[in-house]
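Undergrad: The structure is given below, and queries will be raised subsequently.
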Amino acid sequence: MKDDIGVIDPKFVEEITKLKTLKEIIVYGTKKGGDKRQFVFLDANKNEDERTFNQTWDEITALGTYYYLHGIDGQKKIAIIAENSYEWIVSYYSTLIGGNIAVPMDMKIGVDDLCDQLIRGGCDALVYDEKNAPVAEAIKQMPESPVKEFFFIPEFPEYKKEGKAARDAGDTRCVDAEVKPEDLACIVYTSGTTGKSKGVMLSHYNITTDVTASCSVQAGRQAIGFLPLNHTFCWVGALFSGYLLAEWGYICDGIKNIQKDMQKYHPENFSAVPLVVNTIYDRIWKTAKKTGREEALKKGLKISKFLYSHGIDVRRKIFKQIIDNLGGELNIIICGGANLDPKYEQGMIDFGIQILNGFGMTECSPAVTVNLRNDYKIGSCGKALPCCEIKVVDPDEFGVGEIYVKGTNVMQGYYNDPEATAAVFDGEWLKTGDLGRIDEDGFLFFVGREKNLIVLSNGKNVSPEEIEDKLVCIDYVSEVLVYTEDDRICAEFFLNEEDYPDAREKLNDDVHAVNAKLPQFKRVTKIKVRDDEFPKTTTMKIVRNRKN
């Protein structure tokens with residue numbers, strides 16, 4: 001498959017690009033992985049457990065057969081509302097191999113919204129865990145509910161036992177179910193932060209080509225997973241790429257134990273949102289400061305950078321203690337889901353950990369562009385994957401315009417919403433609503449969301465994200481949100497006053513220094529400081545509640 005990290009075997013690429021459905025990926029990976037370890041996880045009693053590729057196949061076909069025994073027998077919609085777990089994954093795979101449609105849901109959005117999505121999605125069945133039992137009970141009481149079958153995760157052992165017996169006795173309907181590339185695989189509801197959520201329809205071919213394209217340009221070894229399993233980023237970064245690469249992963253039961261888990265399971269890579277990268281980097285410096293090693297760390301960086309500029313890479317030797325605290329084998333972090341400050345990207349690279357930033361959205365299955373280990377630019381989102389094309393429409397004098405995407409990874413449309421579907425397409429091109437520019441080498445640079453764009457009374461357009469990226473580089477700025485208030489650009493801050501007690505006193509001068517490097521119309525003229533963190537979405541993005 002590959003000879004070294006990031007080196008891809010052309011025969012492997014040729015092999016995986018023949019796959020057209022998620023079922024084919026699962027079957028391919030099972031044959032390739034066999035009795036190799038696939039998953040390590042904590043069971044319901046918090047004891048370590050694991051499964052091989054063959055064992056996972058046995059369980060997903062048993063559960064899938066159980067679904068068939070209860071009338072969920074192809075093209076039925078199965079919603080999943082549960083915390084990250086091996087059982088979540090088994091339920092998801094079982095749905096797909098049996099030709100049913102998965103509707104992974106965000107358990108953090110609240111009972112009312114979950115019930116609304118279950119009804120609007122026309123879900124035939126619901127998989128849920130103990131924590132989400134109230135949702136199941138609420139939906140059972142609704143006369144308009146389409147849900148006919150309820151599958152309780154703690155009862156999975158009994159389900160799988162019954163399904164296995166039927167399968168072994170000759171009921172191979174699930175195992176033999178025909179799945180076509182154009183078949184609907186998943187309906188994924190958007191966050192709905194600016195209105196009612198929309199159900200993104202992704203076919204088997206959409207997701208499969210996105211996964212195979214991603215794995216054809218870069219690969220990794222053992223991984224650790226803590227992204228919410230209902231998010232498409234996790235599917236490409238772990239659930240299906242693991243099958244193609246025949247590598248194992250540890251399923252975290254919570255991000256609070258991430259450092260302990262990394263030290264125990266020694267991941268070579270993981271996928272994360274920028275907030276995780278920021279936290280790791282800030283913690284490195286915070287620890288150095290508390291232990292009196294800040295100056296030594298700065299000196300080490302100077303030496304390392306000097307040697308690296310002369311072709312000598314000793315980063316992982318000089319910063320071995322940092323690497324060891326992250327498990328000892330961490331080489332790559334795939335980052336997406338929001339804009340990543342180049343300060344953190346370069347900072348982690350300086351320590352010997354490659355940050356590969358990308359761009360994507362649920363409507364694109366989700367990956368669109370990504371930086372590669374040997375082909376990247378700091379601050380960019382990389383180049384388009386082989387499965388798609390990108391372009392910038394109506395660029396301004398700086399080359400910034402709306403990002404459009406066309407390719408096999410682009411969704412079929414929004415479920416039962418032809419108007420919204422029509423509005424987001426321009427012929428074959430998907431209008432992302434994101435602003436960016438593409439440089440002469442084909443690298444995409446994300447600028448901001450079109451819906452967040454500030455339009456001043458003088459006609460000037462300002463992307464708040466562009467200013468935020470510069471303000472967050474101030475050492476003691478933990479979070480910042482830029483918006484307009486009374487036609488003035490306002491920056492609202494949450495500061496790290498624990499480590500920087502004089503942060504508020506320094507803020508005005510430091511904002512003035514940032515302003516000096518910005519055009520007059522982009523300068524911050526109003527400052528606010530808040531006492532607590534900004535409210536965030538379930539994907540850890542700051543919620544924007546502006547009135548402009």
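Undergrad: If the Cβ limit is 8 Å and pairs must be 6+ apart or interchain, which residue in region 9-29 that is assigned to a loop (DSSP other than H, G, I, E, B) pairs with which residue that is of a type in the set (D, E, K, R) and open to solvent by 40 Å² or more (accessible area, probe 1.4 Å)?
TA: Sorted first by the residue in region 9-29, then by its partner, the pairs are D9/D3; T21/K180.
Undergrad: Which is outside any loop (DSSP other than H, G, I, E, B), out of contact with any strand residue (DSSP E or B) (no Cβ under 9 Å at 6 or more places or on another chain) and among the aromatic types (F, W, Y), of Y92, Y68?
TA: Y68
Undergrad: Taking region 97-122 on its own, how many of its residues are open to solvent by 10 Å² or more (accessible area, probe 1.4 Å), under 16 Å from Q141 (Cβ atoms) and either part of a loop (DSSP other than H, G, I, E, B) or not β-branched (V, I, T) (or both)?
TA: Counting residues in region 97-122 that are open to solvent by 10 Å² or more (accessible area, probe 1.4 Å), under 16 Å from Q141 (Cβ atoms) and either part of a loop (DSSP other than H, G, I, E, B) or not β-branched (V, I, T) (or both) gives 2.
Undergrad: Still on this structure: Which one is most open to solvent (accessible area, probe 1.4 Å) among residues in region 276-290 that are over 23 Å from the mean Cα position of the chain (by Cα) and over 12 Å from I322 (Cβ atoms)?
TA: K290
Undergrad: Do we have Y67 as touching a helix residue (DSSP H, G or I) at 6+ places or on another chain (Cβ under 7 Å), modelled with pLDDT of 95 or more, open to solvent by 20 Å² or more (accessible area, probe 1.4 Å) and not β-branched (V, I, T) here?
TA: no
Undergrad: What is the number of the single condition among (1) open to solvent by 70 Å² or more (accessible area, probe 1.4 Å); (2) not in a loop (DSSP other than H, G, I, E, B) that E397 does not meet?
TA: (2)
Undergrad: While we're looking at this one, here's another question. Answer yes or no as to whether E497 is of a type in the set (D, E, K, R), in contact with a helix residue (DSSP H, G or I) (Cβ under 9 Å, 6 or more places away or on another chain), open to solvent by 50 Å² or more (accessible area, probe 1.4 Å) and at pLDDT 90 or above.
TA: Considered against the rule, which asks whether it is of a type in the set (D, E, K, R), in contact with a helix residue (DSSP H, G or I) (Cβ under 9 Å, 6 or more places away or on another chain), open to solvent by 50 Å² or more (accessible area, probe 1.4 Å) and at pLDDT 90 or above, E497 comes out as yes.
Undergrad: Residue check: is E402 within 30 Å of R488 (Cβ to Cβ), in contact with a strand residue (DSSP E or B) (Cβ under 6 Å, 6 or more places away or on another chain) and among the acidic types (D, E)?
TA: So E402 passes the test.
Undergrad: To continue, here is another question. Quick check on this structure: which one of I474, I489 is aliphatic (A, V, I, L, M), part of a loop (DSSP other than H, G, I, E, B) and either more than 24 Å from the chain's Cα centre (by Cα) or surrounded by fewer than 17 Cβ atoms within 10 Å (Cβ to Cβ) (or both)?
TA: I474
Undergrad: What number of residues within region 428-471 are of a type in the set (A, V, I, L, M, F, W, C) and assigned to a loop (DSSP other than H, G, I, E, B)?
TA: 3
The values are calculated or read from the model by the stated rules, or taken from the named source; none is laboratory data. Here the structure is a predicted model, which means the values were calculated and not measured. Here Cβ is always computed from backbone atoms with ideal geometry, including for glycine, and neighbour counts include all displayed protein chains. For the accessible areas, the whole protein counts, side chains as well, though only heavy atoms, and no ligand, DNA or RNA atoms are used. Shrake-Rupley method; radii C 1.70, N 1.55, O 1.52, S 1.80 Å.
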